[in-house]
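Worksheet: one structure, shown below.
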Amino acid sequence: MSVRLRLVLNLLAWAVFIPVLNLLFTGLERHQILTTSGLSVSIVAGALVLWLGLIYWRCVPSTSSIAVRFAYLATYLTVAILLGIAALWIAFWVTVLIYGL
């Protein structure tokens, strides 16, 4: 498996996991099993950020040039932010479709 394909698949898995977590937490809250609090949301958000860091560390190739490495980081963060926004948008609409407002 090439490095690019591994990077794309890991980022897509990360993005798909956001709506899944949203549905899980919404379902648990709707059935009064778990209340979504600031602490639980912070832990999940921290885990997602750590997962992004792990993807960057494992999948983005290293270079000897600091400028190229910075360009890789900037590109990676831009793509990750755009994917995260799209995943949150999808999570919102899927939750609305399943549970209503």
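The values are calculated or read from the model by the stated rules, or taken from the named source; none is laboratory data. Given the structure is predicted, the values throughout are model-derived calculations rather than measurements. As a convention, Cβ positions derive from the backbone with ideal geometry for all residues, glycine included, and neighbour counts pool all protein chains shown. Side chains are part of the model used for accessible areas, which takes the heavy atoms of the whole protein and leaves out ligands, DNA and RNA. Shrake-Rupley method; radii C 1.70, N 1.55, O 1.52, S 1.80 Å.
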Worksheet item: Just to be sure, is residue 19 part of a loop (DSSP other than H, G, I, E, B) and touching a residue at least 40 places away in the same chain (Cβ under 8 Å)?
Response: no
Discussion item. Is it the case, given these coordinates, that residue 44 is within 28 Å of residue 100 (Cβ to Cβ), in contact with a Leu (Cβ under 9 Å, 6 or more places away or on another chain) and surrounded by 12 or more Cβ atoms within 10 Å (Cβ to Cβ)?
Written reply: yes
Worksheet entry | Residues (assigned to a helix (DSSP H, G or I), of a type in the set (A, V, I, L, M) and more than 27 Å from residue 24 (Cβ to Cβ)) located in the stretch 41-76 | 66, 67, 68, 71, 73, 74
Worksheet item: Does residue 93 satisfy the criteria of being closer than 30 Å to residue 24 by Cα, over 15 Å from the mean Cα position of the chain (by Cα) and either exposed (fewer than 11 other Cβ atoms within 10 Å of the Cβ) or of a type in the set (Phe, Trp, Tyr) (or both)?
Response: yes
Discussion item. For the condition aliphatic (A, V, I, L, M) and surrounded by fewer than 12 Cβ atoms within 10 Å (Cβ to Cβ), what is the one hit in 33, 55, 18?
Written reply: 33
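Can you go through 84, 27 and tell me which one is more than 11 Å from the chain's Cα centre (by Cα), part of a helix (DSSP H, G or I), among the small types (Gly, Ala, Ser) and surrounded by 12 or more Cβ atoms within 10 Å (Cβ to Cβ)?
Sole residue among the options that is more than 11 Å from the chain's Cα centre (by Cα), part of a helix (DSSP H, G or I), among the small types (Gly, Ala, Ser) and surrounded by 12 or more Cβ atoms within 10 Å (Cβ to Cβ): 27.
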Worksheet entry | Among (1) in contact (Cβ under 8 Å) with a residue 60 or more places away in the chain; (2) over 25 Å from residue 6 (Cβ atoms) - the single one residue 79 does not satisfy | (2)
Worksheet item: Looking at the stretch 58-72, which of its residues are at pLDDT 90 or above, over 18 Å from the mean Cα position of the chain (by Cα) and open to solvent by 100 Å² or more (accessible area, probe 1.4 Å)?
Response: 66, 70
